[in-house]
1. Go through the stretch 35-48 residue by residue and turn each phi into a ³J(HN,Hα) via Karplus (6.51, -1.76, 1.60, θ = phi - 60°); whole Hz please, and just put x for glycine and proline.
2. Of the listed peptides 18-31, 123-136, what is their order by residue-averaged count of other C-beta atoms within 10 Å, with the highest listed first?
3. Could you give me the radius of gyration and the Dmax of the stretch 1-125, taking only the C-alpha atoms into account and expressing both in angstrom?
4. Would you calculate the separation in nanometres between label points at residue 86 and residue 209, each defined as 7 Å from the Cα along the Cα-to-beta-carbon direction?
5. So what J values fall out for the stretch 77-92 if you push phi through Karplus, 6.51 cos²θ - 1.76 cosθ + 1.60 with θ = phi - 60°, rounded to Hz, Gly and Pro as x?
6. Could you please rank 202, 2, placing first whichever residue has the fewest other Cβ atoms within 10 Å of its Cβ?
7. Just to be sure I understand the model, the point goes 7 Å from the Cα along the line to the Cβ. What's the resulting residue 44 to residue 185 distance in nm?
8. Given a Förster radius of 45 Å and the C-beta distance between residue 25 and residue 235 as r, what FRET efficiency does 1/(1 + (r/R0)^6) yield to the nearest 0.05?
Amino acid sequence: MTLEGLAARAHAAWAARGVAIDRSAFEAHVRERAARVDPALRARLYVEDLYLAYACARGHRVALAVFEAELVPVMQRAIARIGVGVGAGDDVLGALREQLFVAADGRAPLVADYSGRGRVAAWLRSLATHAALKVRRAERRQVSLADAEVELERLPIAPELAQLRGDTAAFRAAFDRALAQLSHDQRRMLRQHFLDGLAFETLGRIYGVHVSTAWRRVEAARIALAAAVRAQLAAALGAGASTVNAIVRDACDEASVISSLRSTLAGEPR
């Protein structure tokens, strides 16, 4: 289905629920979001989620009510899982609401940053988790990052390494050892970008850095992971770089890896 077709279907679905916005303007918004991703991924954008976020960014009353009823509980659960107190959790949620829906310093509200690459619920869960962890750090308490790093071992990696997923035992052992070499921040940013669909603009906002810095951090983490996997495989096989490169020469592209991850993770608890 074309982007226009996806936008039309989203418009019809949401209009039936009382959320109707200018269709042509939304189609332009979808095209703008699609231009930011690999062409192979454009038809896989979560266009219905984009529609809701777009309507919320424009202050649509019914859209905001849907957000409050269906998505705020997602953020509440994410905050609760980190273990902040009830009062602190309310403060975190209140601050997130303000960032999401109030324009500040000449910038659009944060909800306008939603890219459509991942589900909007996952995007919000990631924002809430990060905000709650910041509160925990500020309170100088020991923080477990387990909830913020769910299924990190399934992160998409560099496209040239994708085919090694077929050799489950060899790849898994190398990947696990390589992943352990990364810092918590590197693993979290990879998860937030590749699995939760946070755009570099959003990562820049939540980490307080320029968008180009957010991109550099994600790319550095991806490159570090790819290099570590290569090194682990070379050591395990007793082979040099040329042999490892030959093994991965016909690797799948990143779009296929992300697609398979979405299928694998669909419906699993977070």
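Since every read-out is calculated from the coordinates, none of them should be taken as a lab result. Quick caveat, the model's predicted, so the values are computed rather than measured. Ideal geometry is used to build each Cβ from the backbone, glycine not excepted, and the neighbour counts take in all protein chains shown.
1. 5, 8, 10, 4, x, 5, 9, 5, 6, 9, 5, 7, 5, 5
2. 123-136, 18-31
3. So, for the stretch 1-125, Rg and Dmax equal 15.2, 46 Å respectively.
4. Modelled inter-label distance: 3.8 nm.
5. The phi angles translate into 5, 4, 5, 4, 5, 6, x, 6, x, 4, x, 5, x, 4, 5, 4 Hz.
6. With the sparsest Cβ surroundings first, the list reads 2, 202.
7. 3.0
8. Once rounded, the FRET efficiency stands at 0.25.
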